[in-house]
Amino acid sequence: MRIFVVSDTHGRIEDFVQFAKKLEKPDLIIHLGDYADDGFEIERAMNVDTVVIKGNCDFLVEKRINNEEILTLNGKKVLITHGHRYNVKMDILDLFYRAKEEGADLVLFGHTHNPLIVEEEGILFMNPGSPSLPRGLVGKSFGLVNIEEDIKTKIIEIK
């Protein structure tokens, strides 16, 4: 299963959509919040099923959207959250304990606008960064996840 993971679009999806349409079409897109409505726009533009959750800037979202979800994708348990409720700007310790509690194989989170891939005690964590307002050393980015027998993750920089 091929998944694009995007977060923190903040009303600016054009670069992501334009770049993503040049790639092999994913089976699913996950939008991790901060302008959750962008997730629905991406779904229409890409014609790909999209899972959308709320971020800290999504207090005016009209549709019923959860703050986090647990998905089972190709037999792997995936925790998706924006991350602001877990203090991810400081570290991922709170998020790690939540993932352990849920028995997650993979955790997808945003909020920091900085891409990150790290494994802790067999749990893979990915932050795709931001395709519109990047912070840190990496430019505009999103994530690619392939879930087959194992989980492979990659940060894709938008050029």
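Some notes on this structure:
- Residue selected from the range 99-125 under the condition in a loop (DSSP other than H, G, I, E, B) and open to solvent by 50 Å² or more (accessible area, probe 1.4 Å), by the criterion nearest to TYR35 (Cα to Cα): ASN114
- Entry remark, the range 71-94: residues being assigned to a loop (DSSP other than H, G, I, E, B) and either touching a residue at least 60 places away in the same chain (Cβ under 8 Å) or more than 16 Å from TYR35 (Cβ to Cβ) (or both) number 9 in total.
- Sole residue being in contact with a Gly (Cβ under 8 Å, 6 or more places away or on another chain) and either closer than 18 Å to ILE147 by Cβ or among the aromatic types (Phe, Trp, Tyr) (or both), chosen from PHE16, PHE40, PHE4: PHE4
- Single residue of the range 73-98 satisfying the filter (over 21 Å from ASP8 (Cβ atoms) and under 15 Å from the mean Cα position of the chain (by Cα)) that is least open to solvent (accessible area, probe 1.4 Å): LEU73
- The lone exception for TYR35 - which of (1) outside any loop (DSSP other than H, G, I, E, B); (2) on the phi > 0 side of the Ramachandran plot it fails: (1)
- Test: THR72 is touching a Lys or Arg at 6+ places or on another chain (Cβ under 6 Å) and of a type in the set (Val, Ile, Thr): no
- Sole residue being without any contact (Cβ under 8 Å) to a residue 40 or more places away in the chain and under 14 Å from the mean Cα position of the chain (by Cα), chosen from GLU68, GLU101: GLU68
- Among residues of the range 126-155, those that are within 24 Å of PHE96 (Cα to Cα), touching a residue at least 60 places away in the same chain (Cβ under 8 Å) and either assigned to a strand (DSSP E or B) or not small (Gly, Ala, Ser) (or both), counted: 11
The values are calculated or read from the model by the stated rules, or taken from the named source; none is laboratory data. Treat the numbers as computed from the prediction; the structure is a model and nothing was measured. FYI the Cβ positions are ideal-geometry reconstructions off the backbone, even for glycines, and counts take in every protein chain you see. Calculation scope for accessible area: heavy atoms of the full protein, side chains included, ligands and nucleic acids excluded. Shrake-Rupley method; radii C 1.70, N 1.55, O 1.52, S 1.80 Å.
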